[in-house]
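Report on the following structure.
The values are calculated or read from the model by the stated rules, or taken from the named source; none is laboratory data. Nothing here was measured: the structure is a model prediction, and the numbers come from that model. Note that we place each Cβ from the backbone using ideal geometry, even for glycine, and neighbour counts take in every protein chain shown.
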Amino acid sequence: MNKFYITTPIYYVNDRPHIGHAYTTVAADILARWHKKQGESVFFLTGTDEHGAKVAEAAQKAGQSPKDFCDVKAQDFKKAWELLSVKYDNFIRTTDPAHEVATQQALQTMFDKGFIYKGDYEGLYCQGCEQYLTPDDLVDGKCPDHRTEPQLIKEDSYFFKLSHFEKELEKRILGDELKIEPKERKNEVLSFIRSGLKDISISRKNVKWGVPLPFDKDHTTYVWVDAFLNYLTGLGWQGSGVGDLKYWPPDIQLMAKDILRVHSTIWTGMLLALDIPLPKRMFVHGFFTFNGQKMSKSLGNVIWPEQLVEKYGADASRYLLLSSTSLGHDGDISWDKMTEKYNADLANGLGNLVSRVFNIIEKNFDGKVKAQAANIDIVKEMEEFRLSDALEKIKAKIDWANKKIDETKIWDLVKSDKAQAAEVLGELLGVIIAAGECLQSFMPQTAAKILAAAKAEKIIKGEGIFPRIK
Ligand code: MSP
C-alpha cells in the first residue's frame, strides 16, 4: 500500500488562527482525504510552534506564563480545525516533552558531527519573522512584512554549517530529488542558494523560552531549528534514525511563500547533516489578501474561521477557501465575493440541481429512477494540487446538468414522454452521484448527505442543502 505523508507549517501561537492558516490546513486536509480515498495509507500532521521571543513576549503581555499561554492558544487552533472539519492524524506542539528531548538529541548529533560550532554573531533580527535579515531585505530600514525596524543583536552564538551543504542542496533541488513547486519558486530558491549560503546562528543567549542546547545550557535553540524537527517528532521520532518511521519522508510539505526559503535551505541542510532523507516535495501557495490589502490585525481586516463557518457552514467555507484562488498564486477575497460565489456555485448550482432532480423523481417516479454511470475525472488536477481547477471541473458538470433541465423542459417532458424523462433524470442523477464522489474530500458532510440520498432506494426531495445567503 502506498503511503502519503503530508504536513502543514506549525503555526505561531502568538496569533489567533485566521483564514490564512485555515487555507493551508484545509488544503492539506482535502489532499489527505483524497489520498485516503485512493486507498493510500495517509498521515496528516499539523500543530503549533510555541517557543521563541515572539511567543514569550505575547505571553508576558497577556500576563500569563509562556506554557499556560501556549496551552490556551494551541486549543484555539484545534478548535478552529474542528470547526472546519479538518481531520489530522497528529497535532504536534513544540512544547511536548518528547519533542524537546528529540530536538536536543538531534542538536547533539549535529554538534558531535562537527556541523555546529561556537562563534560571535552580529546581525539584524526581526522578531516578527523570528529571523535575521540582511540589509538587502529591508525596505526603508524596516522589515517589509512586519513594517518594523529589526533589532541589532550582538552575542555569542552557536552556528550551523549551512554553507557546507550549498552544493548538495543545489544538486538535489535542481534534479527534483526535492521538488519545489510551482516552478517559479524552485528557480527562486536555486538562485538564492547560488548566491551563497552562509552559516546560520542557531542559538540565542537572551531568549529563555526555548529548548536549551544540550551542550551549553546557557543557550536556547533557535526557534526555527526546534520547529522544523516537528515534521519528524510528529511521527514519533526520538532523535535519531528514521528506519522505523513508516511515513518518512514527507510526500508533500505545504506552506506559503513566506517560509519557503528557510524550509528549502535550513531545514533541508539539517536533514543532510543528520543523514535523513529529504522531503519529496514542497508545494508553495500564495498569500491571501482581503479587499486588495494584506490581512493584518492592525488593519482590522482579518477574517476568522469561526466567522466564515457561522455564515456559510463548514463545508461551504472549505469550498469557498479553496475555490477562491488557484493554489500556487496570490488571491484576493472579500465577503461580497464569497457570498456571490456561494450563491452562484452552491445555492443556485449544486443545491438547486440536487433539489430539482430529487423533487421530480419523488413526485413523478415514486422516488425511483435508475442512475446512469457518469464520471468527472479530477485525478490529474488533484495529483498536481490544482484544487481550484478540480472544483471548476465539477462546477462545469453541475452547470451542464442544470442547463439540461432547462433545455429539456423536464417538467413538460415528464407529462409528454415519461420514458424519455426517466432517461434524462437517470443521466442527471448519475452526474449528482459523480459530483458527490468528487466532492467527498472537499465537502465531506454535504457529499455524504448527497450520496446517501441519491443512492437511497426511494429518493425524496428532503431539505435544501445550501440556502441562499444575502
Ligand atoms: N511557525 C512558523 C512556521 C514553522 S514550520 C516548521 C510560521 N508560522 S505562521 O503562523 O506565521 O504561519 C505561516 C503560514 O501560515 C504560511 O506559510 C501559510 O501557510 C499560512 N498563512 C498565514 N497567513 C497567510 C495568508 N494571508 N495567506 C496564505 N497563507 C497564510 O511561519
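Is at least one residue of region 159-180 of a type in the set (Lys, Arg), in the same structural domain as residue 278 (by TED's automatic domain parsing) and within 16 Å of the ligand (Cβ to nearest atom)? Walk me through how you get there before you give the answer.
Kept after step one, since they are of a type in the set (Lys, Arg), are these residues of region 159-180: 161, 167, 171-172, 179.
Applying the additional criterion that residues be in the same structural domain as residue 278 (by TED's automatic domain parsing) yields 161, 167, 171-172, 179.
Still in the running and within 16 Å of the ligand (Cβ to nearest atom): none.
No, the conditions are met nowhere in region 159-180.
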Out of region 254-275, which residues are among the acidic types (Asp, Glu) and either assigned to a helix (DSSP H, G or I) or within 18 Å of residue 176 (Cα to Cα) (or both)? 258
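Search region 276-289 for residues being assigned to a strand (DSSP E or B) and surrounded by 20 or more Cβ atoms within 10 Å (Cβ to Cβ), and hand back the single one that is nearest to the ligand (Cβ to nearest atom). Spell out how you get there, then give the answer.
Looking only at region 276-289, we keep the residues that are assigned to a strand (DSSP E or B), and these are 281-285, 288-289.
Of the ones still in play, those that are also surrounded by 20 or more Cβ atoms within 10 Å (Cβ to Cβ) are 282-285, 288.
Details: 282: 11, 283: 11, 284: 8, 285: 6, 288: 4 Å.
Checked region 276-289; the qualifying residue nearest to the ligand (Cβ to nearest atom) is 288.
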Counting only residues that are in a loop (DSSP other than H, G, I, E, B) and out of contact with any Lys or Arg (no Cβ under 9 Å at 6 or more places or on another chain), which one in region 305-331 is nearest to the ligand (Cβ to nearest atom)? 325
For the subset of region 209-245 comprising residues that are over 23 Å from residue 68 (Cα atoms) and touching a Pro at 6+ places or on another chain (Cβ under 9 Å), which member is nearest to the ligand (Cβ to nearest atom)? 231
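Answer with yes or no whether residue 470 is modelled with pLDDT of 95 or more and basic (Lys, Arg).
no
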Looking at residue 302, is it in a loop (DSSP other than H, G, I, E, B), of a type in the set (Val, Ile, Thr) and either within 11 Å of the ligand (Cβ to nearest atom) or assigned by TED's automatic domain parsing to the domain that holds residue 180 (or both)? yes
Failed item in (1) of a type in the set (S, T, N, Q); (2) within 14 Å of the ligand (Cβ to nearest atom); (3) in contact with a Lys or Arg (Cβ under 6 Å, 6 or more places away or on another chain), with residue 24 passing the rest: (3)
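Evaluate the following for residue 356: is it closer than 29 Å to residue 405 by Cα, assigned to a helix (DSSP H, G or I) and either within 16 Å of the ligand (Cβ to nearest atom) or assigned by TED's automatic domain parsing to the domain that holds residue 190 (or both)? Full working, then the answer.
Working: closer than 29 Å to residue 405 by Cα: yes; assigned to a helix (DSSP H, G or I): yes; either within 16 Å of the ligand (Cβ to nearest atom) or assigned by TED's automatic domain parsing to the domain that holds residue 190 (or both): no.
Considered against the rule, which asks whether it is closer than 29 Å to residue 405 by Cα, assigned to a helix (DSSP H, G or I) and either within 16 Å of the ligand (Cβ to nearest atom) or assigned by TED's automatic domain parsing to the domain that holds residue 190 (or both), residue 356 comes out as no.
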Some residue of region 331-353 being touching a residue at least 40 places away in the same chain (Cβ under 8 Å), farther than 26 Å from residue 463 by Cβ and surrounded by 19 or more Cβ atoms within 10 Å (Cβ to Cβ): yes
Only one of (1) assigned by TED's automatic domain parsing to the domain that holds residue 119; (2) free of Cβ contacts under 8 Å to residues at least 12 places away in the same chain does not apply to residue 293, and that is (1)
Qualifying residue in region 37-54 (condition: surrounded by fewer than 22 Cβ atoms within 10 Å (Cβ to Cβ) and within 15 Å of the ligand (Cβ to nearest atom)): yes
Give the residue, chosen from 88, 121, that is farther than 20 Å from residue 224 by Cα, in the same structural domain as residue 192 (by TED's automatic domain parsing) and in contact (Cβ under 8 Å) with a residue 12 or more places away in the chain. 88
Of the residues in region 105-132 that are modelled with pLDDT of 90 or more and part of a strand (DSSP E or B), the one that is farthest from residue 164 (Cα to Cα) is 126
Could you count how many residues in region 246-270 are under 17 Å from the mean Cα position of the chain (by Cα) and away from the ligand (no atom under 16 Å from the Cβ)? 1
What about residue 98, is it surrounded by fewer than 15 Cβ atoms within 10 Å (Cβ to Cβ), modelled with pLDDT of 95 or more and of a type in the set (A, V, I, L, M)? yes
Number of the exception - residue 273 against (1) more than 13 Å from the ligand (Cβ to nearest atom); (2) surrounded by fewer than 19 Cβ atoms within 10 Å (Cβ to Cβ): (2)
Condition check for residue 83: within 16 Å of the ligand (Cβ to nearest atom) and at pLDDT 95 or above: no
Leading residue by the ranking (farthest from residue 390 (Cα to Cα)) among those in region 1-17 that are near the ligand (Cβ under 7 Å from one of its atoms) and under 15 Å from the mean Cα position of the chain (by Cα): 12
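Mind checking which helices (runs of 4 or more DSSP H) fall wholly inside region 394-463 and carry at least 3 residues that are within 29 Å of the chain's Cα centre (by Cα) and surrounded by fewer than 19 Cβ atoms within 10 Å (Cβ to Cβ)? Explain how you work it out, then say what you get.
Details: elements: 410-416, 418-439, 444-454.
Ranges flagged: 444-454.
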